[in-house]
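Structure first, commentary second.
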Amino acid sequence: MRSEKKITFTLDEDAKQRILQWAQQYEEVVWLDSNQYEQLDSHYEAVLAVDGLTSLVTDAAGAFNDLEEYLSNRDWWFGYLGYDLKNDLEALSSQNHDALEFPDLYFFQPKKVFLFSETEVTLQYLPLVADEMDRDWQEILVTIISEATDNQENSPLKIQLRTSKDAYFEKVAQLMRHIERGDIYEANFCQEFFSEGTAIDPLRTYHHLNAISNPPFAGYLKLGYHYILSASPERYVKKRGNHVISQPIKGTAKRVPDVAEDHKIQMELLRDPKERSENIMITDLVRNDLSRIAKKGSVRVDELCKVYTFQQVHQLISTISCEVDNDLSAVAILKNTFPMGSMTGAPKISAMKIIEQLEDARRGVYSGALGYFAPNGDFDFNVVIRSILYNAQKKYVSFSVGGAITAQSRIENEYEECLLKAKAMREVLEC
């Protein structure tokens, strides 16, 4: 049983920086931030978890069974599910180049949890550190936000492409031939951007990325020398009580400064038959995934192809929900829905096989999920997109972007969409 303390508090940007600066003393840190974005089914403004008591770190083989066993200890668990956990669910493999070397799954049980609402913060500490609550909070309040001084860790990076433009065009052409043959009808094809032999200041980089993106599912994860700096706009799946919700994104359009022109682009996206068909196909896939674990007749589409506007892009998002039985485990829900359909294609298994053959880099954490399990059985995970991944030990920085390929795709347009999605990460790293 955790000790709990509630404190009246308003979370602003300075406070966020102090909180994360204070958290850097720990080897395990997860910060999840909604950025006050108005969204369906929001719960916390932000959550911080630090200082792992125990952890589960594993590769894909048997990972979900291991996770089921760990979650039998009903407490807070924070971490991520890597995309390659698909190999624990189906007869699939991951043989592509992997320079990041993240474990496929990593969760830790934090000694200290901070839950932020609009008007207060709730501290939940394990008994062995409960006497540190007041001291920790006072330390946070007086923490000085440090300015980076190491020029090496703030110099612009040289970003390289794992897949050349010519190779991208050829691979997408191959993918479209699979679609023409009827092997699949949609696939999410991704490419990696990377920089080797370079160091970054992860916290400074995260704050910059979050400031220019302001997404609803932002996240900062530090596990030793592995970092996830996420500006994700996409929810994978959330469970609250018996209610489960998933919100796939498919359909993207650029933002422009002119208000009238920006609104015009927004409306064109809403009506675009190609973008809508992408979204509807994945909505159907997610409906099918949820139907495996839902109470009969409870799966519903709450929003179909609704335009959500973010700092860099407009997106089409659908919201699918269902009700589940009380005794259904969190892992059972994940096993029947992972990976997020928006990052695979349809049919799901066939699409994953084909993109594994064509992509040049192992996805790892990218297009997996970052989030938490709560003591009461609830959970919430984003999709790890629009995110910078960093291995500080190897001094390797990476981000990946992708897009849905359908029979209606024009390869040049798909490539331009990838560059649009990469814009924020490049801006942060190359500044």
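The values are calculated or read from the model by the stated rules, or taken from the named source; none is laboratory data. Given the structure is predicted, the values throughout are model-derived calculations rather than measurements. All Cβ positions, even for glycine, are placed from backbone atoms using ideal geometry, and neighbour counts span all protein chains on display.
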* Asked: Among the numbered criteria (1) surrounded by fewer than 16 Cβ atoms within 10 Å (Cβ to Cβ); (2) modelled with pLDDT of 95 or more; (3) not aliphatic (A, V, I, L, M), which single criterion is violated by GLU118?
  -> (2)
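Per-residue answers, yes or no, for (1) touching a strand residue (DSSP E or B) at 6+ places or on another chain (Cβ under 6 Å); (2) modelled with pLDDT of 95 or more; (3) of a type in the set (Val, Ile, Thr); (4) surrounded by fewer than 22 Cβ atoms within 10 Å (Cβ to Cβ):
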| site | (1), (2), (3), (4) |
| --- | --- |
| SER164 | no, yes, no, yes |
| PHE169 | no, yes, no, yes |
| ARG181 | no, yes, no, yes |
| GLN191 | no, yes, no, no |
| TYR227 | yes, yes, no, no |
* Asked: Tell me, which residue of segment 240-276 that is in contact with a Lys or Arg (Cβ under 9 Å, 6 or more places away or on another chain) and among the small types (Gly, Ala, Ser) is nearest to ASN382 (Cα to Cα)?
  -> SER246
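I'd like the full set of residues that are without any contact (Cβ under 8 Å) to a residue 12 or more places away in the chain and either exposed (fewer than 13 other Cβ atoms within 10 Å of the Cβ) or in contact with an Asp or Glu (Cβ under 9 Å, 6 or more places away or on another chain) (or both), limited to segment 268-302. Walk me through how you get there before you give the answer.
Step one: filter segment 268-302 for residues without any contact (Cβ under 8 Å) to a residue 12 or more places away in the chain, giving 271, 288, 296-297.
Matches in segment 268-302: ARG271, LYS296, GLY297.
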* To do: Would you point out the residue of segment 23-58, among those that are out of contact with any Phe, Trp or Tyr (no Cβ under 9 Å at 6 or more places or on another chain) and farther than 21 Å from ARG204 by Cα, that is surrounded by the fewest Cβ atoms within 10 Å (Cβ to Cβ)?
  => GLU38
* Taking the stated definitions as given, is GLN138 at pLDDT 95 or above, in contact with an Asp or Glu (Cβ under 8 Å, 6 or more places away or on another chain) and surrounded by fewer than 13 Cβ atoms within 10 Å (Cβ to Cβ)? -> no
